[in-house]
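One structure is given below, encoded as structure tokens.
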Amino acid sequence: MYRIILFFILVFNLCFNACQGDREAILSIDGRKSGSLPYIMKGGHAYIRADKAAEALTLAYGSDISFNRTWDKILVLVDPGHGGHDTGTYFDVKTTRQEHGKEITKTRRMTEKDLNMLYAFEIKKAIEADPRFEVRLTRETDVFLSLPYRSYISKVVAADFFVSVHVNSLGAKRNKECPKSGFEVYSISENALNALPIEDGKSPKKRKKQMEFLQRNAENSYVLAHFIAERLKEAEIPIYSDKNVFTADFAVLRRSQIPAVLLETGFLCNAEDREKLESDEYREKTAQSVYLGLLDYAEESGYIRNEQ
Ligand SMILES: [Zn+2]
């Protein structure tokens with residue numbers, strides 16, 4: 001059955017203009033205006049119909065986040081990190097060949113944003129082979145999206161899981177070979193949650209409740225990350241360090257209200273990993289592990305009931 005979801009918008013970086021009077025508001029995120037949105041007031045909060053918000057934001061951002069999810073499927077929002085002017089990490093690969101006795105060197109730049117996009121489509125393919133799942137991408141083209149906005153999309157489309165895709169590097173150095181290699185799976189650290197700023201107008205009781213919710217979600221995210229890491233190990237994918245799951249403070253995961261993980265699919269500063277990151281086989285194999293990890297979690301936590 002099609003449900004109408006009303007959201008309380010609690011994303012920072014987000015504000016209402018013209019909230020008074022005619023009950024039409026313009027939503028502004030990253031300075032981009034959404035167009036006019038009808039809203040209702042309830043208990044001191046402004047609520048927007050999710051389908052309307054999705055429509056307006058699609059117009060404002062140009063990336064399709066249309067709200068037409070199928071409620072009997074599990075919706076995974078896959079987020080290809082970076083985009084537009086933000087290339088993420090990069091590596092200039094040099095190749096030399098001899099031509100008419102001369103040595104010709106060519107440089108090709110591998111950028112994280114492009115690799116992330118390729119990988120996101122691979123995960124989409126792996127997950128959607130299972131008809132119980134559907135996948136949306138936060139971006140399908142080379143556009144820049146802010147971190148709060150990526151997380152916000154998961155609310156607008158009412159996603160069940162959030163998977164952000166990245167490629168690793170060693171510090172801020174570029175074009176330097178590094179000995180580190182392997183896949184990493186992250187979830188948000190509890191310390192990061194404790195450091196979250198108090199939202200305006202939140203009573204201590206409400207803040208406590210919200211923190212408890214975010215903490216529970218961080219624990220669930222850790223379990224999801226663990227399932228994915230286990231499946232990667234099973235497929236004999238090298239994982240960086242023997243720690244299965246890393247926890248860290250990533251802005252894109254910080255306020256997620258659904259189980260959320262961040263994948264570092266390999267180190268761009270490592271020659272072996274670079275080769276893997278461009279290989280269809282590696283992408284297919286690891287994307288399959290990500291799907292299986294999601295499936296394990298979905299079964300374990302009752303998203304999917306196994307009928308026997
Ligand atoms: Zn990144």
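The values are calculated or read from the model by the stated rules, or taken from the named source; none is laboratory data. All of these numbers come straight from a predicted model, not from anything done at the bench. Quick reminder, even Gly has a Cβ in these numbers, built from the backbone with ideal geometry, and neighbours come from all protein chains shown.
Numbers below:
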item	result
Listing of strands (runs of 3 or more DSSP E) fully contained in segment 107-188 that carry 3 or more residues being within 16 Å of the ligand (Cβ to nearest atom), closer than 20 Å to Ala229 by Cα and more than 11 Å from the chain's Cα centre (by Cα)	184-188
Residue match in segment 200-208 (condition: surrounded by fewer than 14 Cβ atoms within 10 Å (Cβ to Cβ), closer than 15 Å to Val78 by Cα and among the polar types (S, T, N, Q))	no
Any pair with Cβ under 7 angstrom, 6 or more apart, that starts in segment 111-136 at a residue that is at positive phi and ends at one that is within 16 Å of the ligand (Cβ to nearest atom) and not β-branched (Val, Ile, Thr)	none
Meets criteria (away from the ligand (no atom under 16 Å from the Cβ), within 19 Å of Val252 (Cα to Cα) and modelled with pLDDT of 70 or more) for Val76	yes
Odd one out for Glu236 among (1) part of a loop (DSSP other than H, G, I, E, B); (2) farther than 30 Å from Arg108 by Cβ; (3) free of Cβ contacts under 8 Å to residues at least 12 places away in the same chain	(2)
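Here's the yes/no breakdown for (1) outside the structural domain of Ile127 (by TED's automatic domain parsing); (2) of a type in the set (Gly, Ala, Ser); (3) in contact with a strand residue (DSSP E or B) (Cβ under 6 Å, 6 or more places away or on another chain); (4) more than 19 Å from Val165 (Cβ to Cβ):
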{"residue": "Ser203", "(1), (2), (3), (4)": "no, yes, no, yes"}
{"residue": "Gln215", "(1), (2), (3), (4)": "no, no, no, yes"}
{"residue": "Ser221", "(1), (2), (3), (4)": "no, yes, yes, no"}
{"residue": "Leu224", "(1), (2), (3), (4)": "no, no, yes, no"}
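Every residue, every condition in (1) within 16 Å of the ligand (Cβ to nearest atom); (2) out of contact with any helix residue (DSSP H, G or I) (no Cβ under 8 Å at 6 or more places or on another chain); (3) outside any helix (DSSP H, G or I), yes or no:
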| position | (1), (2), (3) |
| --- | --- |
| Val252 | yes, no, no |
| Glu264 | yes, yes, yes |
| Asp273 | yes, yes, no |
| Tyr282 | no, no, no |
| Tyr297 | no, no, no |
